[in-house]
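The structure under discussion appears below in the form of structure tokens.
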Amino acid sequence: MERRQPRLKELSSALGLSITTVSRALAGYSDVSSATRERVREAAAASGYVPNRAGRALKSGQTGFVGLVVPVRDAQFIDAFLGEFVMGLGEALAEAGRDLALTTATRRQDECDVLAHVVNAGQVDGVVVSRTVRDDPRVRFLLDRKVPFVLHGRTLTETRHHPWLDTDGAAAFSEAAQRLIEMGHRRFGLSTFSDPVTFAHFRRAGLEAALAASGLSLAPDAVAAAPRADPQALRHAAGLLLDLDPRPTAILCATDTLAITLMEEATRRGIVIPRDLSVIGFDNLPVSSYASPGLTTFDARIQDCGSAVARMLVDAIERGPDTVEPRLVAADFIPRASHGPAP
């Protein structure tokens, strides 16, 4: 006679532990002691217990998975920003008893087509959409299909209700410009992306609004934009800004990566930061504190945003997307050594 596999309740009863403790021990959570985790694993192996995802899926009508499509456009699989975001996302989903399913979209694939395949195959209960663009076809597709999702970012065109979480880049760049104006700066530059990502749109809008309020403006040739996935083009664009005559005395960069690229190109030209040029980034990636000089930036609390998006999506799956309100969160100014008075 075939031996019946024990249930989680039976395993927890035999161990004298709660079902939650046993479940978290099997999942490897650090809030369960290593001794308890080992004891639970040994008991599970001895009894033949295996978590039955398929059974749970049949009972609940859900897969237990949340999807995220990651575009792979070069040899760098995940950039530093996305790595932090995925860490927060994955941890919060695991705490809610769900798993993150990463699907890649290669250079030869359209990201929206890959997303449609994941959704149509019924592989996930909900979706996280990152790197939102101004007119995002992924948002239209998910709304039309009534698939629970949360945007990390915002679109500029979709009017139907949908949950999103975004960092207020407009307010951050406005604050940066105001600080620099108070330090005597009058010639500003912007290093940004040519891709239609909305975070770049809002950051530029914040800079221009602050300049206009002080009777200043951003000269057309003081904006350098290049594709995110083209490091050579980004370096070339940074060089164009630095070679302007007269050169801006302060340059705001849409991301820390752009700022560090700009600082490297400045060093190659003998430009001393911040004596000759002030540079401010955005994201507060770990590398920004190790730059030379340390990069002044804004902390977007990327990992916390990933965790918040996960919780919003779980709510959207369990209670419905209409119950989840959009969130705009502030970024914190992190003053380091790359900005100073106008030369």
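The values are calculated or read from the model by the stated rules, or taken from the named source; none is laboratory data. Note that the structure is predicted; figures quoted are calculated from it, not measured. Cβ atoms come from the backbone with ideal geometry, glycine included; neighbour counts cover every protein chain shown.
Taken as a whole, the condition of being small (Gly, Ala, Ser), without any contact (Cβ under 8 Å) to a residue 60 or more places away in the chain and part of a loop (DSSP other than H, G, I, E, B) applies to SER217. The set of residues in region 122-157 being assigned to a loop (DSSP other than H, G, I, E, B) and charged (D, E, K, R) consists of ASP125, ARG131, ARG134, ASP135, ASP136, LYS146, ARG154. When you look at ALA200, is it in a helix (DSSP H, G or I) and either within 20 Å of PRO341 (Cα to Cα) or of a type in the set (Asp, Glu) (or both), yes or no? So ALA200 does not fit the description; no. On inspection, GLN109 fails the criterion of being surrounded by fewer than 20 Cβ atoms within 10 Å (Cβ to Cβ), among the polar types (S, T, N, Q), at pLDDT below 85 and more than 18 Å from the chain's Cα centre (by Cα).
Condition test on ARG154, is it touching a residue at least 40 places away in the same chain (Cβ under 8 Å) and under 25 Å from GLY64 (Cβ atoms)? The answer is no for ARG154.
Residues that are on the phi < 0 side of the Ramachandran plot and modelled with pLDDT under 85 within region 12-33 comprise ILE19, THR20, VAL22, SER23, ARG24, ALA25, LEU26, ALA27, TYR29, SER30, ASP31, VAL32, listed in sequence order. The single condition among (1) within 34 Å of the chain's Cα centre (by Cα); (2) modelled with pLDDT of 75 or more that PRO51 does not satisfy is (2). Within region 64-105, the residues that satisfy the criterion of being in a loop (DSSP other than H, G, I, E, B) and modelled with pLDDT of 85 or more are GLY64, ALA96, ARG98. When residues in region 163-220 are screened for being over 21 Å from the mean Cα position of the chain (by Cα) and of a type in the set (Lys, Arg), 3 of them pass. Just one of the listed residues (ALA225, ALA308) is surrounded by fewer than 21 Cβ atoms within 10 Å (Cβ to Cβ) and assigned to a strand (DSSP E or B), namely ALA225.
Residues that are surrounded by fewer than 19 Cβ atoms within 10 Å (Cβ to Cβ), closer than 27 Å to VAL279 by Cα and either free of Cβ contacts under 8 Å to residues at least 24 places away in the same chain or more than 21 Å from the chain's Cα centre (by Cα) (or both) within region 311-343 comprise PRO335, ARG336, ALA337, PRO341, ALA342, PRO343, listed in sequence order. Counting only residues that are in a helix (DSSP H, G or I) and either not charged (D, E, K, R) or not assigned by TED's automatic domain parsing to the domain that holds LEU262 (or both), region 228-243 holds 11 of them.
Take VAL40 and decide whether it is at pLDDT 60 or above, farther than 19 Å from PRO148 by Cα and either of a type in the set (A, V, I, L, M) or under 13 Å from the mean Cα position of the chain (by Cα) (or both). Criteria met by VAL40.
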